[in-house]
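The values are calculated or read from the model by the stated rules, or taken from the named source; none is laboratory data. Please read these numbers as outputs of a predicted model, since none were measured by experiment. A quick note on method: Cβ atoms are made from the backbone with ideal geometry, for glycine too, and the neighbour counts reach across all protein chains shown. Note: accessible area is taken over every heavy atom of the protein model, side chains too, but ligands, DNA and RNA are not part of it. Shrake-Rupley method; radii C 1.70, N 1.55, O 1.52, S 1.80 Å.
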Amino acid sequence: MSDAWAAIREAMATARAVRHGAESRAALDAALAGLRRRDDLPPAGPALLDLVERAAAGPMVVAQLGQTLDGRIATATGHSHYVNGPEALDHLHRLRALVDAVAVGAGTAVDDDPSLTTRRVAGPNPVRVLLDPNGRVPGDRRLFRDGAAPTLTVGPARAGAERLELPGGDSSPAAILAALAARRLDVVLVEGGAWTVSRFLEAGRIDRLHLLVAPTLLGSGRPGIVLPEAATMDGARRFEARRYALGEDTLFDLTPAA
Ligand SMILES: NC(=O)c1ccc[n+]([C@@H]2O[C@H](COP(=O)([O-])OP(=O)(O)OC[C@H]3O[C@@H](n4cnc5c(N)ncnc54)[C@H](OP(=O)(O)O)[C@@H]3O)[C@@H](O)[C@H]2O)c1
């Protein structure tokens, strides 16, 4: 029997085939039922299986943010390595391995120089999508030069990347997702930073939000999700929440309330 993580990746491949009409839903349901009974799932394994199930139904966007108890994703200087512990980082890399594409904003590429690979776990690297409409990310960033996976850019042409053409220059979350879906990249991880995740959330384009909360307080620093002001609690976003322990951290697996 293959290890559970390999079987989850296989199930995601089946979900992709179901989504594109090349595989029956029954085959996936049987695989998922078997997986849900296993006792060797990775931490937060049921959350990964929920993503697989959701991905069979159609295009899907999962977003993640690692934050402190007081909702900070980085210090005021932009230092964020690492908010979370190793188990949460492994979870992030599993998310990368399950999706077709991973998107980050320009601020993250400038501050963190991420490679967005799956180096902590087995599994393929996703296509990388850099949202950099002003071309302000320096050309020496890993995304442009490490060759670990293709890089698509929203913004001006860059060496080491391919431009994602957006009709009429519309760089709204909906337009970006449509352009990715046209390339059959329709299961997408929006990895950060906070500004980017907030804009996708505000646009109603996030199907699952994985908030990885560390038991730490910064008391200062860069905020996580920021949305237009709500005057009363009626304006708060509500979610169906499942919680999983990831080492010292807690994963809040959030589905927007209908
Ligand atoms: N803890 C975590 O999980 C985590 C994850 C990732 C990053 N981070 C931290 O987050 C910080 C960076 O985050 P941030 O919120 O400042 O910036 P960010 O979200 O990484 O980047 C924001 C910028 O990306 C561009 N962008 C994003 N979406 C776009 C869209 N739909 N259309 C056009 N442009 C778009 C815009 O660039 P322009 O400004 O050029 O218009 C925007 O200002 C860093 O400190 C990093 O360490 C933390």
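Ligands, DNA and RNA are left out, and with a 1.4 angstrom probe the accessible area of the chain is 46 Å² per residue. Please report the antiparallel percentage of DSSP beta bridges with both residues in the chain, rounded to the nearest 5. Beta bridges within the chain, antiparallel portion: roughly 40 percent.
On the accessible surface of the chain, probed at 1.4 Å, how many percent belong to carbon and sulfur atoms?
Numbers: 6180 of 11890 Å².
Of the solvent-accessible surface of the chain, carbon and sulfur hold 52 percent.
Segment T75..A258, full-extension length gain: 62.5 nm, with 0.36 nm per residue of separation and the alpha-carbon distance subtracted.
Proximity of backbone amide H atoms, modeled 1.01 Å from N, is registered between L152 and R128, V129, L130, E162 at under 5 Å, excluding neighbours fewer than 5 places apart on the same chain.
Helical runs assigned H by DSSP (4 residues or longer) give the chain a calculated mean residue ellipticity at 222 nm of -9500 deg cm²/dmol, each run adding -39500 (n - 2.57) before division by the residue total. Working note: Debye formula, equal point scatterers on the alpha-carbon atoms of the range 59-256, no solvent; log10 I(q)/I(0) at q = 0.11, 0.13, 0.19 Å⁻¹ is -0.48, -0.68, -1.50.
Each of V104, V110 has its accessible area taken with a 1.4 Å probe; listed largest first, they run V110, V104.
In the complete set of protein chains, residue-level accessible area for S220 is approximately 60 Å², probe 1.4 angstrom. From the Kirkwood radius over Cα pairs of the range 105-208, Stokes-Einstein at 10 °C and 1.306 mPa s returns a whole-number translational diffusion coefficient of 113 µm²/s. Of the trypsin sites (Lys or Arg not before Pro) in the range 24-87, the ones in a loop by DSSP (not H, G, I, E or B) with at most 11 other beta carbons within 10 Å are R37. Length gained on full extension, D29 to A230, computed as 0.36 nm times the residue gap minus the Cα-Cα distance: 68.3 nm.
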